[in-house]
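What follows is a single structure, written as structure tokens, with notes after it.
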2 protein chains.
Amino acid sequence: MDTAERLIESAQQLLWERGYVGTSPKAIQQRAGAGQGSMYHHFRGKPDLAEAAMRRSAAQLRAQAEAVLAVGDSATARLGGYLERERDPLRGCRVGRMAMDPDVIASDELRRPVEETFAWLRDRLAEIVAEGVAAGELRAGLDPSDTAAAIAAVVQGGYVLARAAGSREPFDAAVRGAVALLAAARA
Amino acid sequence: MDTAERLIESAQQLLWERGYVGTSPKAIQQRAGAGQGSMYHHFRGKPDLAEAAMRRSAAQLRAQAEAVLAVGDSATARLGGYLERERDPLRGCRVGRMAMDPDVIASDELRRPVEETFAWLRDRLAEIVAEGVAAGELRAGLDPSDTAAAIAAVVQGGYVLARAAGSREPFDAAVRGAVALLAAARA
DNA sequence: GTCTATAGCTTGATAGAC
DNA sequence: GTCTATCAAGCTATAGAC
């Protein structure tokens, strides 16, 4: 693996663990086993490297989500599969976490990968809800876009509850609660 | 208002805007119009002042939530009132935001106010769900604790979606989605 | 491409005058 | 109680040798 690659992966890890504000170029270099000059040769600076790392993480997350969302023979099963997908709640979401970072939100370049990821996720979830409604599986009155936003929010909020509690339990409870509410919305 | 008070309020604002890692003692002092020595006279350091500020914010949030949760003549109305309470989604939750901060999570003292706030909120929401079930308003099978966690998560996750999008719209959509799912779970 | 040296600034805290 | 001065360490970036 070359140096640029190691820098990106180290940045991905540190952004996940400590966020953008809490991650220094120096820490990235040390984890990657690279010197100062090496990093500034491959990237223009911290924002540039962070953007590359965030785009990478966003692409990986999307691939994982798509893999889960494609499986299941009913809308409820596919949405449930997304909600119950194996996660590590105490680590949080590597993309969603960035949305709480002031410097990320203040920069269009840095915010864009986060924005695109959630726009895609909401659309994808809404498609599945709409299919469930069309198939007569879910109630006719259920708004696909609103339901999708609620499902995505339960996962992101579950991370907050888990980290606040220092335990994965609230995350699992929120997922169970959401699955039960979806079950109640069957036609 | 005395200096200690101004320091706490300034710290509350900055922690909300920039998180713990992104907030420096110097920035707090400047916003409060106080010097270095003044801050270190009233507080032992950044963690001490941050803890005071977070406890204050937690108490305020709890009072606001309790005020909303006490109003309404049915469980659905009270839970809906909590979900639809007036908020500024782009600012995020001043308590929930702290859960994403690595230094807050690493310190028991700093994490405790966050933990206590969400433990209280989940209990309070679960009580209301349980009352709704007992009254025959909500389905008998609905688990109060899981449903409460899902509701709290929708709000916290809604903030993430809104900040990612740079717009309050996803927050409002998630709330509408959650309200609709709760309506579907009526007995 | 990678390294070391250096720069100028900020951080979080302490010292000591008033 | 509040102020200014000072500190060692860390931050982000640039320069220039190799």
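Rounded to the nearest 20 debye, the dipole magnitude of the protein assembly as shown is 720 debye, with +1 charges on Lys and Arg beta carbons, -1 on Asp and Glu beta carbons, and the Cα centre as origin.
When only the Cβ of Lys, Arg, Asp and Glu is charged (+1, +1, -1, -1), the dipole of segment A:56-184 relative to its Cα centre reaches about 360 debye. Phi angles of segment B:141-156 translate, via the Karplus equation with coefficients 6.51, -1.76, 1.60 and θ = phi - 60°, into HN-Hα couplings of x, 5, 7, x, 5, 5, 5, 4, 4, 5, 5, 4, 5, 4, 5, 5 Hz per residue; Gly and Pro are given as x.
Note on the protein assembly as shown: Cα convex hull, mean projected area over all directions, 19.3 nm². Averaging the Cα positions of each part gives two centres, and for segment B:23-76 and segment B:145-166 these lie 22 Å apart. Summarise the long-distance tail of P(r) for chain A by giving the % of C-alpha pairs beyond 29 Å. Of all Cα-Cα distances in chain A, 30 percent exceed 29 Å.
For segment B:115-122, the Karplus equation 6.51 cos²θ - 1.76 cosθ + 1.60, evaluated at θ = phi - 60°, returns couplings of 4, 5, 4, 6, 5, 4, 4, 4 Hz by residue, with Gly and Pro reported as x. To the nearest ten degrees, helix B:46-69 and the longest principal axis of the Cα atoms of chain B are 30 degrees apart. Ligands, DNA and RNA aside, A:R6 has an accessible area near 70 Å² when probed at 1.4 Å. For B:E17, the accessible surface of its heavy atoms amounts to roughly 80 Å² (probe 1.4 Å, protein chains only, rounded to the nearest 10). When the Cα positions of A:L110, A:G166, A:A148 are compared along the charge dipole of segment A:79-187, A:G166 comes out farthest toward the positive end, with charges on each C-beta of Lys, Arg, Asp and Glu. The dipole here belongs to segment B:1-128: it is taken about the Cα centre, uses +1 on the Cβ of Lys and Arg and -1 on the Cβ of Asp and Glu, and is about 300 debye. Distances between placed amide hydrogens fall under 5 Å for B:L138 paired with B:V133, B:A187, all partners being 5 or more residues away or on another chain. Using the Karplus relation 6.51 cos²θ - 1.76 cosθ + 1.60 with θ = phi - 60°, the per-residue 3J(HN,Hα) values for segment A:100-107 come to 8, 8, x, 6, 5, 5, 6, 10 Hz, with x marking Gly and Pro.
The values are calculated or read from the model by the stated rules, or taken from the named source; none is laboratory data. Predicted model only: the values in this text are computed from it and were never measured. Every residue, glycine among them, receives a Cβ derived from its backbone with ideal geometry; neighbour counts consider all protein chains shown. Just so you know, the surface numbers come from the protein's heavy atoms only, side chains and all, with ligands and any DNA or RNA stripped out. Shrake-Rupley method; radii C 1.70, N 1.55, O 1.52, S 1.80 Å.
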